[in-house]
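Could you have a look at this structure, given as C-alpha cells, before my questions?
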Amino acid sequence: MAPDLKAHFVSISTEGAKNIILDLSDARYCDSSGLSAILVGNRLCKNAGGKLVLTGVKEAIKKLIIISQLDSILNSAVSVDDGIKLLDELETSK
C-alpha cells in the first residue's frame, strides 16, 4: 500500500498539486514504509511551495509520528474540514 501511496503523491504532484490533505481516518496502523510514503508526500508539497496535512490520525499512528520525532515536521488536523481551514490559514500567513 505504501508504494501505491508514494506513486499517487508523485502523480498528483506532477499534475500540479501543491497542497494535499491525507485523510487517515480509516487507517488503523502505519509502519515505517507508510511513514516514508507520508514523508515523500510532505517533501513533494514543500518543494511545490505547498503543505501536506494529515487528518483523522488515530492514536496509534499519532504515537508513531511522535516517537519518530515527525510531529514537528508534519501538519495535522482533526478532520478534512479542519485541514482545509489549516491550509487556508497557512496560505494567508505567507
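The values are calculated or read from the model by the stated rules, or taken from the named source; none is laboratory data. In this text, all values refer to a predicted model and were calculated from it rather than measured experimentally. Please note: Cβ atoms are built from the backbone with ideal geometry, for glycine as well, and neighbour counts cover all protein chains shown. In case anyone asks, the SASA skips ligands and DNA or RNA and just uses the protein heavy atoms, side chains included. Shrake-Rupley method; radii C 1.70, N 1.55, O 1.52, S 1.80 Å.
Under 7 Å by Cβ, and 6 or more places apart or on different chains, what pairs join a residue from segment 65-88 that is farther than 20 Å from VAL40 by Cα and surrounded by fewer than 13 Cβ atoms within 10 Å (Cβ to Cβ) with one that is at pLDDT 95 or above and of a type in the set (Val, Ile, Thr)?
Matching pairs, first to second residue: VAL78/THR55.
When you scan segment 49-70, how many residues do you find that are in contact with a Ser or Thr (Cβ under 6 Å, 6 or more places away or on another chain) and among the hydrophobic types (A, V, I, L, M, F, W, C)?
2
Are there any pairs, at least 6 apart or on different chains, whose C-beta atoms fall under 6 Å, with the first in segment 16-33 and buried (at least 17 other Cβ atoms within 10 Å of the Cβ) and the second among the charged types (D, E, K, R), and if so, which?
ASN19/LYS51
If I filter segment 37-48 for residues that are open to solvent by less than 50 Å² (accessible area, probe 1.4 Å), in contact with a helix residue (DSSP H, G or I) (Cβ under 7 Å, 6 or more places away or on another chain), closer than 15 Å to ILE84 by Cα and not basic (Lys, Arg), do I get at least one hit?
No - not one qualifying residue is present in segment 37-48.
Regarding segment 54-65, can at least one residue be identified that is touching a strand residue (DSSP E or B) at 6+ places or on another chain (Cβ under 7 Å) and of a type in the set (A, V, I, L, M, F, W, C)?
Of the residues in segment 54-65, the ones touching a strand residue (DSSP E or B) at 6+ places or on another chain (Cβ under 7 Å) are 54-57.
Filter once more, keeping what is of a type in the set (A, V, I, L, M, F, W, C): 54, 57.
Yes; the residues of segment 54-65 include at least one that is touching a strand residue (DSSP E or B) at 6+ places or on another chain (Cβ under 7 Å) and of a type in the set (A, V, I, L, M, F, W, C).
Can you run down the residue pairs with Cβ atoms below 8 Å, 6 or more apart or on separate chains, where the first is in segment 40-61 and touching a residue at least 12 places away in the same chain (Cβ under 8 Å) and the partner is open to solvent by less than 20 Å² (accessible area, probe 1.4 Å) and not hydrophobic (A, V, I, L, M, F, W, C)?
LEU52/GLY41; VAL53/GLY83; LEU54/GLY83; THR55/GLY83
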